[in-house]
Structures are given as structure tokens and as C-alpha cells.
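Engineer: The structure is given below, and queries will be raised subsequently.
The values are calculated or read from the model by the stated rules, or taken from the named source; none is laboratory data. Quick caveat: nothing in here was measured; it's all calculated off a predicted structure. Counting neighbours? That spans all protein chains shown, and the Cβs are built from the backbone with ideal geometry, glycine included. Just the protein is used for accessible areas: all its heavy atoms, side chains included, with ligands, DNA and RNA removed. Shrake-Rupley method; radii C 1.70, N 1.55, O 1.52, S 1.80 Å.
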Amino acid sequence: MTRTGNDSWDLASSVGATATLVAAARAMASGDPDGLIDDPYAAPLVRAVGIDFFTRMLDGELDLTAFPDATPERAQAMIDSIAARTKFFDDYFAASSAAGVRQVVILASGLDSRAYRLDWPDHTVVYELDQPDVIAFKSRTLAELGAQPAAVRRPIGIDLREDWPAALRAAGFDPGTPTAWVAEGLLIYLPPEAQDGLLDQVTALSAPGSTLATEYVPGIMDFDAEAARERSARMRERGLDLDMSGLVYAGPRSHVMDYLSESGWRVTGSPRSELFQRYGLHMPDNMEPGPLGEIVYVSAARPPARAHSPR
Ligand code: SAM
């Protein structure tokens, strides 16, 4: 599959299937009382999408160790990676809520159910943006499940390469109010110039006191498409048709952390290995980082406006 500038998808196809993939991993990581995360909506959402491979995975019918290069330890570490990532963004929102931020924007929300499952303070408004079919499917499926948002949820079906700031403002977003932004698992699916454009738009809409959490994936610059294609072919034999090499935009692009720093954000980054340590997870010595390599979890803050000091 080749990407085009205006391609679109649902949760069973193209980039949309990657949202179902990470939700399936969240479902596998959930349900353990001692686990790091609990996303009770992940499994029913994945089942509703209906990709047979993921349904069988949730039903315990797939031997994960039969996957290319997988050992039980490695299969667990791949699920732990998504648990750690989920926890990182959950903790980020807990901190923004504690800091008094009540306006939240989740860019590329996929099957993220944070608007339903996190403990939002009263009057928090959560905007969720993703492709129209993705947003419509999740809203409909969660309503059918009887799930109630835990905040004021404002879903916006739009392509993030289009004028999403206009749609966000039309839905009630106030650029004069501090915002907590998340772009989780998004940037590598945007062309390099669209990544810069999206970060510029976030900056332009961020009042002092706003924050952003996202990822930096350095390996996208020298992504080995051939190795990824071979890996996908082996996965296809096992029933999963998802070729990352046709979905991501490899090659040169801005360094996310540097770009944000130069745009006036205070930026910190935590590599995945650091998150594993922070959350008490085990990273096997021989853990191949996967086709995308290292992932750095990024948090950024727009310094609050300085109070005018009397002369
Ligand atoms: N953030 C979610 C999570 O972590 O569960 C979903 C991550 S999934 C890997 C990538 C998401 O990015 C998909 O939901 C996809 O629809 C969305 N996405 C990628 N490019 C997009 C675009 N141009 N417009 C809207 N959504 C996009």
C-alpha cells in the first residue's frame, strides 16, 4: 500500500489498523489487578472492529511465541511497551489535571478511551480528533456498550493534514486557556512537513501554561523498509496483514524535541528503557527494539506568562 496526501481509513484498514493493534496490546495488558494499566474498553472496542487476528489474540487462541523472533519474554516485553506508553500518557494527564488544566486535546485518538476511563476533574473538556470513520466508530461502539464519558467529550472527525485548528475552534476550543495536548503514536504517520505543520499549529494554539506529550522516534530517519516488509510478510502468513513499511513516512524529518525547544517549549524526553525502569518492568537483554527502534517519550511545557512586576 502506498500513502497519498489525502488517503483515509477506518479502524480495520491502513493506518487505522495500527490503532486497533495498540488497543489490542492495551487489552492484553489490562485486567490484571497488579498490572500497570486497566483499559476496560480496549477489548470490546477491538472485538467490535472485528480483525480476526486480534480477536483470536484476545481469545488466547494465538501462540504469541510463534511470531517471528518471539520468545515468551519478548512477547511480554512488547505488551509491556504499550502498557508503559499508556501509563506515561495517563500520568501526564493526571499531572495536568492536578495543575488545574481543564482543556484537553487528544490528537489521533484512535481507540484511546481516556475520555471515558480517566478520573477527570469537573468541567474538564476533552477534544478528540481522528479520521471521521475512526471517531464515528468509537463514539458509536462505546455508546452501544453503555459507556459514559467521564468529562465533557467533544469528538471531531477530521484529517490532521487539513485545517483541524478551525474545526477545533468551531467545537468550542479556547486558545486563550491552557491546554494539555497529546499526540500519541501519530507523528511517524505524518509526512515530515505535516509533522512540522501540526507542531506549529499546536504551538500557535497553546496559551502559556499549556503542555504537550508525544513521542520522538529517531529510527524513522533510517527506517529499514525492506526488513519491515519481510517481517510483515511473515506476520501475514500468521494472519495479520499490516505492513508498517507502507504506512510510515521514513527519511529525514525534524527532531521532535529540538523542534519544540526552538518553538519556545521546555522539553524533556524519557527513552522507553527509562519508562521500563520507572514502572518496574523487565526489558529482556536481547529485546530487539522492533522495526522502528528506540522511542523517546516527550513532555513539553509552555512556560506560564510572567506576572508584570511593578517598576
Ligand atoms: N493515539 C491512539 C493510541 O495510542 O491508541 C492511536 C494511535 S494509532 C498508532 C495512529 C492513529 O493516528 C490512528 O488512529 C490514525 O487514524 C491516526 N492518524 C494518523 N494520521 C492521521 C491523519 N492524517 N488524520 C487523522 N488521524 C490520523
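Engineer: Of the listed peptides 29-39, 100-110, what is their order by residue-averaged count of other C-beta atoms within 10 Å, with the highest listed first?
Structural biologist: Numbers: 29-39: 15.1, 100-110: 21.8.
Top of the packing list down: 100-110, 29-39.
Engineer: How many percent of the accessible area of segment 139-252 is carbon or sulfur, using a 1.4 Å probe?
Structural biologist: Working: 2490 of 4820 Å².
Ligands and nucleic acids excluded, carbon and sulfur give 52 percent.
Engineer: Sorted by accessible area with a 1.4 angstrom probe, largest first, how do M78, M221, M244 fall? Walk me through the numbers on the way to the answer.
Structural biologist: On the way: M78 85, M221 65, M244 30 Å².
Descending accessible area places them as M78, M221, M244.
Engineer: Mind checking the full-extension length gain between A204 and R3? Use 0.36 nm per residue of separation minus the Cα-Cα distance, one decimal, nm. It would help to have the intermediate numbers written out before the result.
Structural biologist: Details: separation 201, 0.36 × 201 = 72.36 nm, distance 2.78 nm.
Result: 69.6 nm gained on full extension.
Engineer: Sticking with this structure for a sec: Please list, in order along segment 99-112, the HN-Hα scalar couplings obtained from phi with the Karplus expression 6.51 cos²θ - 1.76 cosθ + 1.60 (θ = phi - 60°), rounded to whole Hz, x for Gly and Pro.
Structural biologist: Working through the residues one at a time gives 7, x, 7, 10, 10, 10, 10, 9, 8, 6, 6, x, 9, 4 Hz.
Engineer: For n ≥ 4 DSSP H runs only, could you compute -39500 (n - 2.57) per run for the chain, divide by its residues and tell me the 222 nm figure to the nearest 500? Working shown, then result.
Structural biologist: Values: 11 runs with 120 residues, N = 311.
Result for the chain, helices only: -11500 deg cm²/dmol.
Engineer: Please work out whether segment 205-311 counts as rounded, prolate or oblate from its C-alpha gyration tensor, where a ≥ b ≥ c are the square roots of the eigenvalues and a/c under 1.5 means rounded, while otherwise a/b larger than b/c means prolate and anything else oblate?
Structural biologist: On the way: a/c = 3.28, a/b = 2.09, b/c = 1.57.
Here segment 205-311 falls in the prolate category.
Engineer: What shape does segment 77-135 take by its C-alpha gyration tensor, where a ≥ b ≥ c are the square roots of the eigenvalues and a/c under 1.5 counts as rounded, a/b above b/c as prolate, and the rest as oblate?
Structural biologist: On the way: a/c = 2.44, a/b = 1.14, b/c = 2.13.
It is oblate, given that a/c is not under 1.5 and a/b is not larger than b/c.
Engineer: Provide the per-residue ³J(HN,Hα) series for segment 163-170, in order, calculated from phi with Karplus coefficients 6.51, -1.76, 1.60 and θ = phi - 60°, each as a whole number of Hz, with x at glycine and proline positions.
Structural biologist: 7, 5, x, 5, 5, 5, 4, 4
Engineer: Under 5 Å between amide H atoms, partner at least 5 residues away or on a different chain: which partners does V105 have, H built in plane at 1.01 Å?
Structural biologist: Y127, A180, W181, V182
Engineer: Could I ask something else about it? How large is the charge dipole for the chain, taken about the Cα centre, if only the Cβ atoms of Lys, Arg (+1) and Asp, Glu (-1) carry charge, to the nearest 20 debye?
Structural biologist: Values: 28 positive and 44 negative charges, 208 e Å.
That gives a dipole near 1000 debye.
Engineer: Subtract the Cα-Cα distance of E237 and R161 from 0.36 nm times their separation in residues, and report this length gain in nm to one decimal. Show your work: numbers first, answer last.
Structural biologist: On the way: separation 76, 0.36 × 76 = 27.36 nm, distance 3.35 nm.
Full-extension gain reported as 24.0 nm.
Engineer: To continue, here is another question. So in the chain, what percent of DSSP beta bridges are antiparallel if you round to the nearest 5? Don't skip to the answer; put the middle values down first.
Structural biologist: Working: 12 of 32 bridges.
Among the beta bridges of the chain, antiparallel pairing accounts for roughly 40 percent.
Engineer: I need the helices of the chain that pass two filters: whole DSSP H segments spanning 15 Å or more by Cα along the axis, and mean Kyte-Doolittle score no lower than 0.5.
Structural biologist: Details: long enough: 16-29 (20 Å, 1.16); 72-98 (38 Å, -0.17); 132-144 (18 Å, 0.03); 192-204 (18 Å, -0.37); 225-237 (18 Å, -1.55).
Once both thresholds are applied, what remains is 16-29.
Engineer: So how exposed is H282, as accessible area in Å² (1.4 Å probe, rounded to 10)?
Structural biologist: Around 110 Å² of this residue is reachable by solvent.
Engineer: Among M28, F93, A83, which residue has its Cα positioned farthest towards the positive end of the charge dipole of segment 22-107, with +1 placed on the Cβ of Lys and Arg, -1 on the Cβ of Asp and Glu, and the dipole taken about the Cα centre?
Structural biologist: F93
Engineer: Please say if segment 72-111 is rounded, prolate or oblate, where rounded means a/c under 1.5 for a ≥ b ≥ c the square roots of the C-alpha gyration tensor eigenvalues, and otherwise the choice is prolate for a/b larger than b/c and oblate otherwise? Don't jump to the answer; show the numbers that get you there.
Structural biologist: Numbers: a/c = 6.51, a/b = 2.17, b/c = 3.00.
Oblate, since a/c reaches 1.5 and b/c is not below a/b.
Engineer: At most 11 other Cβ atoms within 10 Å plus a DSSP loop assignment makes a site exposed; report the longest stretch of the chain without any exposed GluC sites (Glu not before Pro).
Structural biologist: Numbers: sites that count: E61, E162.
Counting at most 11 other Cβ atoms within 10 Å as exposed, the longest clean stretch of the chain is 163-311.
Engineer: Dividing the alpha-carbon radius of gyration of the chain by 2.2 N^0.38 Å (N being the number of residues), what value is obtained? Provide the component values of the computation, followed by the final result.
Structural biologist: Details: Rg = 19.0 Å, N = 311, 2.2 N^0.38 = 19.5 Å.
Rg over 2.2 N^0.38 Å, computed on Cα atoms: 0.98.
Engineer: Further question: If you look at just the Cα atoms of segment 38-90, how large are its Rg and its Dmax in Å?
Structural biologist: Just the Cα atoms of segment 38-90 yield Rg and Dmax of 12.3, 31 Å.
Engineer: Once the dipole of the chain is set up with Lys and Arg at +1 and Asp and Glu at -1 on Cβ about the Cα centre, which of L187, V125, A305 lies farthest towards its positive end?
Structural biologist: Checked the options; the winner is A305.
Engineer: A follow-up question, please. Please express the shape of segment 55-153 as an equivalent ellipsoid: the semi-axes are the square roots of 5 times the eigenvalues of the C-alpha gyration tensor, given largest first in whole angstrom.
Structural biologist: On the way: eigenvalues 181, 67, 26 Å².
With the √(5λ) rule applied to segment 55-153, the semi-axes are 30, 18, 11 Å.
Engineer: Further question: Suppose R0 equals 25 Å; then what is the FRET efficiency for A70 and S273 from their Cβ-Cβ distance, rounded to the nearest 0.05? Mind dumping the intermediate values first?
Structural biologist: Numbers: r = 20 Å, r/R0 = 0.78.
Plugging the Cβ-Cβ distance into 1/(1 + (r/R0)^6) gives 0.80.
Engineer: Could you give the size of the charge dipole of segment 1-116 about its Cα centre, using +1 on the Cβ of each K and R and -1 on the Cβ of each D and E, expressed in debye and rounded to the nearest 20? Can you show the working numbers first?
Structural biologist: Details: 9 positive and 16 negative charges, 92 e Å.
Using Cβ point charges on Lys, Arg, Asp and Glu, segment 1-116 gives about 440 debye.
Engineer: Can you give the accessible area of S299, probe radius 1.4 Å, in Å² rounded to 10?
Structural biologist: Its heavy atoms expose roughly 40 Å² to the probe.
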